[in-house]
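Enquirer: One structure, pasted below without further comment.
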Amino acid sequence: MSGLLISDYFWMVFAAVWVIWALRTKRVRSREDIGQRLSHRPLTIAGFWLLLFPFLVPLPGWFQKEIIPSWLKGTGILLSAIGIGFAIWARIYLGGNWSSSVTVKVEHQLIRSGPYRWVRHPIYTGMVLAALGTALELGEVRGLIAVPLIYLGFKIKSKIEERMMRRTFGAQYDDYSAMTGGIVPRI
């Protein structure tokens, strides 16, 4: 079985978990507006499309040029597994507060335990790490374009979330922010 197929299976498990758990969330109190959503969602969609679904629209040949040495590809499976695992762990801790768009839920809680003790956006951390792993395993130019698009989309989305969390939790969120990294852990 190829490493890329294993990586694809990780993403399928991730998608299945996300769809099932999406059914168990709290009611929404406030949500990002359409303009905010459009500031980040096209980037992440484009990144994941390049990485996972390039067969849907033909790409120029240079997108599929192999550029990663084969000895480095094996680390991609490990990074994908760790990233998907980290994102699922974070989703468990977030519980009913989770949403695919930026929201504040009714009775929203500020989660600071589990993976949230290291980063404020561990789901994004895990997804970016898994995307990097998949890109390494893929070994093509499109993977190296996809990962920055995904990261940038999540970075923009995290800034919108940060503003919403500060309005909701005030000084408590400021203290939390001072002690933890956003998507990348603080050293």
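Residue-wise test of (1) within 15 Å of the chain's Cα centre (by Cα); (2) farther than 30 Å from Lys73 by Cβ; (3) open to solvent by less than 10 Å² (accessible area, probe 1.4 Å).
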position: Val119; (1), (2), (3): yes, no, yes
position: Thr125; (1), (2), (3): yes, no, no
position: Glu161; (1), (2), (3): yes, yes, no
position: Thr168; (1), (2), (3): no, yes, no
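Enquirer: Then there's this: Filter the range 43-65 down to the residues that are more than 19 Å from Gly139 (Cβ to Cβ) and open to solvent by 70 Å² or more (accessible area, probe 1.4 Å) and list them by number.
Expert: As a first pass, look at the range 43-65 and keep what is more than 19 Å from Gly139 (Cβ to Cβ): 43-46, 56-58.
Across the range 43-65, the qualifying residues are Ile45, Leu56, Val57, Pro58.
Enquirer: Right, something else. Exactly one of these conditions fails for Leu110: (1) touching a Phe, Trp or Tyr at 6+ places or on another chain (Cβ under 6 Å); (2) under 19 Å from Gly3 (Cα atoms); (3) surrounded by fewer than 20 Cβ atoms within 10 Å (Cβ to Cβ). Give me its number.
Expert: All conditions are met except number (2).
Enquirer: Out of curiosity, is Leu138 farther than 25 Å from Arg24 by Cα and open to solvent by 40 Å² or more (accessible area, probe 1.4 Å)?
Expert: On the way: farther than 25 Å from Arg24 by Cα: yes; open to solvent by 40 Å² or more (accessible area, probe 1.4 Å): no.
So Leu138 does not fit the description; no.
Enquirer: Can you pull out the residues in the range 77-101 that are within 13 Å of the chain's Cα centre (by Cα) and among the β-branched types (Val, Ile, Thr)?
Expert: Those that are within 13 Å of the chain's Cα centre (by Cα) and among the β-branched types (Val, Ile, Thr): Ile82, Ile84, Ile88.
Enquirer: Restricting to the range 2-42, name every residue that is closer than 14 Å to Ala130 by Cα and either touching a residue at least 40 places away in the same chain (Cβ under 8 Å) or open to solvent by 60 Å² or more (accessible area, probe 1.4 Å) (or both). Steps first, answer last, please.
Expert: Quick first cut of the range 2-42, residues closer than 14 Å to Ala130 by Cα only: 3-15.
Once the filter is applied, which keeps residues that are closer than 14 Å to Ala130 by Cα and either touching a residue at least 40 places away in the same chain (Cβ under 8 Å) or open to solvent by 60 Å² or more (accessible area, probe 1.4 Å) (or both), the range 2-42 yields Gly3, Leu4, Leu5, Ile6, Ser7, Asp8, Tyr9, Phe10, Trp11, Met12, Val13, Phe14.
Enquirer: State whether the residues of the range 74-89 include one that is of a type outside the set (Asp, Glu), surrounded by 15 or more Cβ atoms within 10 Å (Cβ to Cβ) and over 23 Å from Ala146 (Cα atoms).
Expert: Among the residues of the range 74-89, at least one is of a type outside the set (Asp, Glu), surrounded by 15 or more Cβ atoms within 10 Å (Cβ to Cβ) and over 23 Å from Ala146 (Cα atoms), which makes the answer yes.
Enquirer: Of all residues in the range 1-43 being at pLDDT 80 or above and in contact with a Leu (Cβ under 7 Å, 6 or more places away or on another chain), which is nearest to Gly95 (Cα to Cα)?
Expert: This residue is Trp11.
The values are calculated or read from the model by the stated rules, or taken from the named source; none is laboratory data. The shown structure was predicted, so the numbers you read here are calculated from the model rather than taken from an experiment. A quick note on method: Cβ atoms are made from the backbone with ideal geometry, for glycine too, and the neighbour counts reach across all protein chains shown. Please note that ligands, DNA and RNA were not included when accessible areas were found on the heavy atoms of the full protein model with its side chains. Shrake-Rupley method; radii C 1.70, N 1.55, O 1.52, S 1.80 Å.
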